[in-house]
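**Q** If you scroll down you'll find the structure; I have some questions about it.
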Amino acid sequence: MKNKFVFAIILLLSTIALTFYGCEEKVEYDFDNIEPIIFSIAGPAVATAHGNTDFPTRFSVPYRGGSKFNWQVGAPGGTVVLDPEYPSIAYITFNQSPVNTTAVVTVTETTMGGRTSPPFSRTIQLNAFCPVNMADWAGTYTGTRPGVHGASVTMAPAPGLNQMTVSGLAWFVQNAWGENWLAGNGSAIMEFRCGNEVAILPQWIGNTDFPDRYGITGSGTFDPVTRQITLTYQVFWGWVGATGPGGGSAVGSVTTVLTRQ
C-alpha cells in the first residue's frame, strides 16, 4: 500500500511539472536590445591617394549578421564599395592628391532592430600621387656604371600604378661574383612618384647556388624631358627563405644614370 502511495505522489508531481513546462512561453530573441558598438577599423595605416578604382584599399570592422554598415570618407574624399556578402568590409579608393595628406574614415553600424552605433573614425595617412604615362618609359637603357648593372637594362610597364619592371639586374651577381643563377628573373619593380622621384623598395630579385638570395633597393630622380633616370641603389643578400634583406651589401651604394637607347 505504501509503495502505491509513493508512486501516486511521484506521478502527480511529474504531471504538474509537465503542465508547467508545456505552458512556459518561448522568449524570442529581441533584436531591439542589441547595442551596436564599433571599437576599431582594420586596414593599412598608409594608402596612396591615386583615385583609381581598380586599386582600392581594404578596410573592415567586425561583422554582425543582419546589420548594415555606413562608411564615409573625409577630405580629400573617396569612393566606397561594400563587399556584396559582408558589408562590414569596404574597398575605398581615395581621391587623387598631388601632396601628402590624411583622410578620416568613419563607419557606423545599424542593427536589424534599427539601432545605430556611435560613429567610429580612424585617420589614414595618404601618399601623394602624380600620374605618369609608363608607356613613355618603356625600352632599353644604357648606364654610366655598366660594370655594376651590366651593359644595359630594359624597362616595361608593370601591373601597378606608376610602376615599371626593370630587368637585367642579375648581371652583377652572375658576372662579378660568378655565382650560378637558379631562380628568379633578376628584375625589380621601380615606382615613379611626385617630384620626379623614383624608388625601388627592398625586394628579392633571385636565388643562386651559394645558397644566397639577392635583392635590390634604391631611389633617385627622373627627367621627363631627356628621359634619363639617375638611380642610387644597393644589391643586398640574405639566406634563402629569409623574409627581408640579409646581412650585407654586394656593392655598397652605386649611382648610375640610365639613358634610353
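**Q** Could you tell me the accessible area of ILE37 in Å² (1.4 Å probe, neighbours in place), rounded to the nearest ten?
**A** About 80 Å², ignoring ligands and nucleic acids.
**Q** To the nearest 10 square angstrom, what accessible area does SER219 show with a 1.4 Å probe?
**A** 60 Å²
**Q** Something else about it: Largest first, what is the accessible-area ranking of ARG213, ARG58 with a 1.4 Å probe?
**A** Numbers: ARG213 60, ARG58 120 Å².
Result of the area sort, largest leading: ARG58, ARG213.
**Q** Right, next: For LEU258, which sequence-distant residues (separation of 5 or more, or a different chain) have an amide H within less than 5 Å of its own amide H, given hydrogens modelled in the peptide plane?
**A** Amide H neighbours of LEU258, under 5 Å, 5+ apart: ILE229, THR230, LEU231.
**Q** Along each principal axis of its Cα atoms, how long is the range 88-162 end to end? Whole angstroms, biggest number first, please.
**A** Rounded to whole Å, the extents work out to 69, 24, 23 Å.
**Q** Residue by residue through the range 58-67, what is 3J(HN,Hα) from phi via Karplus (6.51 cos²θ - 1.76 cosθ + 1.60, θ = phi - 60°)? Round to whole Hz and write x for glycine and proline.
**A** In residue order, the calculated couplings are 8, 10, 7, 10, x, 8, 10, x, x, 7 Hz.
**Q** At R0 = 30 Å, how high is the FRET efficiency between THR259 and GLN203 if r is their beta carbon distance? Nearest 0.05 is fine. Intermediate values should be presented prior to the final figure.
**A** Values: r = 24 Å, r/R0 = 0.80.
Using R0 = 30 Å, I get an efficiency of 0.80.
**Q** For the range 219-224, take each phi angle, set θ = phi - 60°, evaluate the Karplus expression 6.51 cos²θ - 1.76 cosθ + 1.60, and give the result in whole Hz per residue in order, putting x for glycine and proline.
**A** Once θ is set to phi - 60°, the couplings for the range 219-224 become 7, x, 9, 10, 10, x Hz.
**Q** Something else about it: Could you order GLU197, GLU109 by accessible surface area, starting with the largest, using a probe radius of 1.4 Å?
**A** Details: GLU197 90, GLU109 5 Å².
Ranking GLU197, GLU109 by accessible area, largest first, yields GLU197, GLU109.
**Q** With a 1.4 Å probe and all protein chains left in place, how much of the accessible area of the range 79-145 comes from carbon and sulfur atoms, in whole percent? Provide the component values of the computation, followed by the final result.
**A** Working: 1750 of 3330 Å².
Reported share for carbon and sulfur atoms: 52 percent.
**Q** Further question on the same structure: With every protein chain present, what accessible area does PHE55 have (1.4 Å probe, heavy atoms only), rounded to the nearest 10 Å²?
**A** Around 80 Å² of this residue is reachable by solvent.
**Q** Turning to a different aspect of this structure: With equal scatterers on the alpha carbons only and no solvent term, can you work out the Debye log10 of I(q)/I(0) for the range 33-126 at 0.19, 0.23 1/Å?
**A** -0.82, -1.12
The values are calculated or read from the model by the stated rules, or taken from the named source; none is laboratory data. It should be emphasised that the depicted structure is a prediction, and the values quoted were computed from it without experimental measurement. Because the Cβ atoms are built from the backbone with ideal geometry, glycine has one as well, and the counts that use them run over all protein chains shown. The accessibility values were calculated without ligands, DNA or RNA, using every heavy atom of the protein model including side chains. Shrake-Rupley method; radii C 1.70, N 1.55, O 1.52, S 1.80 Å.
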